[in-house]
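Q: The structure's right below; bear with me while I get my questions together.
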Amino acid sequence: MKLADISEIELDDDPFRPGGLSFTKLHGNGNDFVLIDETGREQIAEGEKKKFAIAICHRHFGIGADGVLFLTGSPRASLGMRLIQPDGSEAEMCGNGIRCLAKYAWDTGYVGESFDVETLAGIIPVQVRERDGLFWAKVNMGEPRFDRPSIPACGQGDLISEEIDGFRVSAVNTGVPHAVVLVDDLNFDILKAAPSIRHNSLFPEGANVNFVRIVKNDQPLEIRTFERGVEGETLSCGTGSVAAASVARRLGLAGDEVLVQTKGGPLLISFEDGKAFMEGPAVTVCSGEFSLEYLWNLSMEP
């Protein structure tokens, strides 16, 4: 989008609304997001959201984040959530992201202790609590889906322990598609190992890739995740942790309550009546406004 002269812009005609765009930055176990509150009105025009997210998520030329959360109203739920990732793609759901959105909504008084959020993956029930200044959210992640059409993955039957590029890979949809690889040692370069699985033709929409180390049944699963859309490793992935616990449980290597240790901290995953639940923290990092200078320069870029 080109702007000839910013002095000629009417505020409501500018998709970036310069000089008045507030943001809040939050993280869930180090998986960080910039949240834009659009409950009252659209702040970023639909056609500019991709460009905006790519710029904002840049670690040097923006604030830096693993995605931009847009908090919206919803005709079917308490709130709506959209997540635009650093590459401009839109994710169906995000476990750490929905906890961050829940933290903001709780702090601003939009919700009580129980509410639901509409996402592209469906309506997600959430419960929150705050004790001694610590915020905690429990998210109903729904039923993990192992059938290939739901992942989606090509072929017939469930995708369990199939060889891909020298790894034994299982796959499950926990809101977004996840490949899960069980390994004995996590001390290797996943940035080299993951892309061939993430982009494998077996996954028509791509997949997040989780390398998981299982020590003993009474100890946490250890996980490292390469995220689709971020195209790199994140410190934590909520849907990935649910995927890892689901696959471990499916293989008889874990029970109905699983502690998953991500690089950014632990998440508690539990199963009840076929549904998976994720519990973990969320923290507000800062709030502020994007400067007129930054937004003007962004609007001038092609």
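The values are calculated or read from the model by the stated rules, or taken from the named source; none is laboratory data. Here the structure is a predicted model, which means the values were calculated and not measured. With ideal geometry, Cβ positions are generated from the backbone for all residues, glycine too; neighbour counts draw on all protein chains shown.
Q: Which of the residues spanning the stretch 215-241 are of a type outside the set (A, V, I, L, M, F, W, C), part of a strand (DSSP E or B), without any contact (Cβ under 8 Å) to a residue 60 or more places away in the chain and more than 15 Å from residue 174 (Cα to Cα)?
A: Those that are of a type outside the set (A, V, I, L, M, F, W, C), part of a strand (DSSP E or B), without any contact (Cβ under 8 Å) to a residue 60 or more places away in the chain and more than 15 Å from residue 174 (Cα to Cα): 222, 224, 232, 233.
Q: Something else now. Of (1) modelled with pLDDT under 95; (2) part of a helix (DSSP H, G or I), residue 156 satisfies all except one. Which?
A: Unmet condition: (2).
Q: One residue is enough: does the stretch 180-190 have a residue meeting the conditions over 22 Å from residue 154 (Cβ atoms) and not in a loop (DSSP other than H, G, I, E, B)?
A: Within the stretch 180-190, one or more residues are over 22 Å from residue 154 (Cβ atoms) and not in a loop (DSSP other than H, G, I, E, B).
Each row is one residue, and each column tells you yes or no for (1) outside the structural domain of residue 120 (by TED's automatic domain parsing); (2) within 21 Å of residue 84 (Cα to Cα); (3) touching a helix residue (DSSP H, G or I) at 6+ places or on another chain (Cβ under 7 Å).
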residue	(1), (2), (3)
170	yes, no, yes
189	yes, no, no
203	yes, yes, no
206	yes, yes, yes
220	yes, no, no
244	yes, no, no
248	yes, no, no
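Q: Criterion first (at pLDDT 95 or above, among the hydroxyl-bearing types (Ser, Thr, Tyr), outside the structural domain of residue 267 (by TED's automatic domain parsing) and buried (at least 19 other Cβ atoms within 10 Å of the Cβ)) does residue 24 satisfy it?
A: Answer is yes for this residue.
Q: May I pose another question? Tell me, yes or no, whether the stretch 117-134 has at least one residue that is closer than 20 Å to residue 246 by Cα and polar (S, T, N, Q).
A: No, the stretch 117-134 contains no residue that is closer than 20 Å to residue 246 by Cα and polar (S, T, N, Q).
Q: Within the stretch 183-220, can you find the residues that are exposed (fewer than 12 other Cβ atoms within 10 Å of the Cβ), over 20 Å from residue 245 (Cα atoms) and of a type in the set (A, V, I, L, M, F, W, C)?
A: 188, 191
Q: Tell me, yes or no, whether the stretch 132-142 has at least one residue that is modelled with pLDDT under 95, over 18 Å from the mean Cα position of the chain (by Cα) and assigned to a strand (DSSP E or B).
A: Yes: the stretch 132-142 contains one or more residues that are modelled with pLDDT under 95, over 18 Å from the mean Cα position of the chain (by Cα) and assigned to a strand (DSSP E or B).
Q: Taking the stated definitions as given, is residue 290 in contact with a helix residue (DSSP H, G or I) (Cβ under 7 Å, 6 or more places away or on another chain), aromatic (Phe, Trp, Tyr) and either crowded, with 20+ Cβ neighbours inside 10 Å or not assigned by TED's automatic domain parsing to the domain that holds residue 26 (or both)?
A: no
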